[in-house]
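Visitor: Got a structure for you, questions after.
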Amino acid sequence: MALIQCNFFSEALQCSTSMTVILPQTTTHIGVESKSFEQQKHPTLYLLHGLSDDHTIWTRFTSIERYVAPLGLAVVMPSAGRSFYTDMENGYDYYTYVSEELPQIARSFFQLSDKREDNYVAGLSMGGYGALKVAMRNPEKFAAGASLSGSVDIVDRISAFPRDFQHIFGDRPIKDSDDDLFYLAEKLAKSEGPKPRLYQCCGTEDHNYNANIRFRDHLAKLSLDSTFEEGPGAHEWGYWDQHIQPVLKFLHQR
């Protein structure tokens, strides 16, 4: 695999920003299983970070590069600050950046597929919320979305991050808006056209566990194609390093 730290200018953000990118490589590297492939445009996972993190965090605290090697999967990891992957009232347009501009820029730099069936989005905590929001609002672009310990009930998190939410949402309502995953799921269920496969996992000791149960039940009620995994675990990197592996298998199913 090739690991690339990429610095560039974003028109959506109107500033320079960074992403970490993992690209497939056929290799005889000892101890690394890789996939043999001809030169092609690679299927791609857009992998989102949590509230206190940045574009480097997945490669620093997990073995994501080793896990994707046998899949032939490219991974694009952007920075999004504490934005909750939202077009902010008092800040920057991070939803537009991640859902629209980032894929276009990444494809202009690297041999990445633009086919819906080759594109996935996943993330942890704040990034889990962002991943499901991006997938459900762009079902024509993404075949699947996955959340690890996601902040799936954004309305329930207002009191936890009052300063952040004031910057992000201002006084605009969140509930029953396109920033509310429960509302987005209802819109998706009623819509025609393709629908992404959705995946959630959450540890039973995680502070987001009860919200994930509520969202799991909501998706089931709507008969959306969703998978839920639970088990022992807290809101920490040992859990995410372990559980990104079944997430990758789920996302890469054809």
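Visitor: Only one of (1) closer than 22 Å to Ser99 by Cβ; (2) buried (at least 18 other Cβ atoms within 10 Å of the Cβ) is not met by Arg172, so which one is it?
Guide: (2)
Visitor: From the list Leu124, Leu102, Leu112, which residue is of a type outside the set (Asp, Glu), over 19 Å from Lys41 (Cβ atoms) and touching a residue at least 12 places away in the same chain (Cβ under 8 Å)? Spell out the reasoning first.
Guide: Values: Leu102 fails: over 19 Å from Lys41 (Cβ atoms); Leu112 fails: over 19 Å from Lys41 (Cβ atoms).
Unique residue meeting the criteria: Leu124.
Visitor: Mind checking which residues of the stretch 211-244 are exposed (fewer than 13 other Cβ atoms within 10 Å of the Cβ) and either under 15 Å from the mean Cα position of the chain (by Cα) or without any contact (Cβ under 8 Å) to a residue 12 or more places away in the chain (or both)?
Guide: Once the filter is applied, which keeps residues that are exposed (fewer than 13 other Cβ atoms within 10 Å of the Cβ) and either under 15 Å from the mean Cα position of the chain (by Cα) or without any contact (Cβ under 8 Å) to a residue 12 or more places away in the chain (or both), the stretch 211-244 yields Asp217, Ala220, Lys221, Gly238.
Visitor: Of all residues being closer than 17 Å to Pro139 by Cβ and of a type in the set (D, E, K, R) in the stretch 194-210, which is nearest to the chain's Cα centre (by Cα)? Just the residue, please.
Guide: Arg197
Visitor: Among the residues of the stretch 103-121, are any under 27 Å from His207 (Cβ atoms) and either under 14 Å from the mean Cα position of the chain (by Cα) or not in a helix (DSSP H, G or I) (or both)? Full working, then the answer.
Guide: Taking the stretch 103-121 and keeping what is under 27 Å from His207 (Cβ atoms), we get 120-121.
Cutting the leftovers down to either under 14 Å from the mean Cα position of the chain (by Cα) or not in a helix (DSSP H, G or I) (or both) gives us 120-121.
Checked the stretch 103-121: at least one residue is under 27 Å from His207 (Cβ atoms) and either under 14 Å from the mean Cα position of the chain (by Cα) or not in a helix (DSSP H, G or I) (or both).
Visitor: Which of the residues belonging to the stretch 22-71 are among the small types (Gly, Ala, Ser) and either at pLDDT 95 or above or surrounded by fewer than 18 Cβ atoms within 10 Å (Cβ to Cβ) (or both)? Give the steps one after another, and end with the answer.
Guide: Looking only at the stretch 22-71, we keep the residues that are among the small types (Gly, Ala, Ser), and these are 31, 34, 36, 50, 52, 63, 69.
If the condition is that a residue be among the small types (Gly, Ala, Ser) and either at pLDDT 95 or above or surrounded by fewer than 18 Cβ atoms within 10 Å (Cβ to Cβ) (or both), then Gly31, Ser36, Gly50, Ser52, Ser63 are the ones that fit.
Visitor: Moving to a separate point now. Which count do you get for residues in the stretch 1-21 that are over 17 Å from Tyr67 (Cβ atoms), surrounded by fewer than 17 Cβ atoms within 10 Å (Cβ to Cβ) and touching a Leu at 6+ places or on another chain (Cβ under 8 Å)?
Guide: 1
Visitor: Which of (1) modelled with pLDDT of 95 or more; (2) more than 15 Å from Asp156 (Cβ to Cβ); (3) assigned to a loop (DSSP other than H, G, I, E, B) is the odd one out, the single condition Asp206 does not satisfy?
Guide: Failing condition for Asp206: (2).
The values are calculated or read from the model by the stated rules, or taken from the named source; none is laboratory data. Quantities reported herein were computed from a predicted structural model and do not represent experimental measurements. Backbone-built Cβ (ideal geometry, glycine too); neighbour counts: all protein chains shown.
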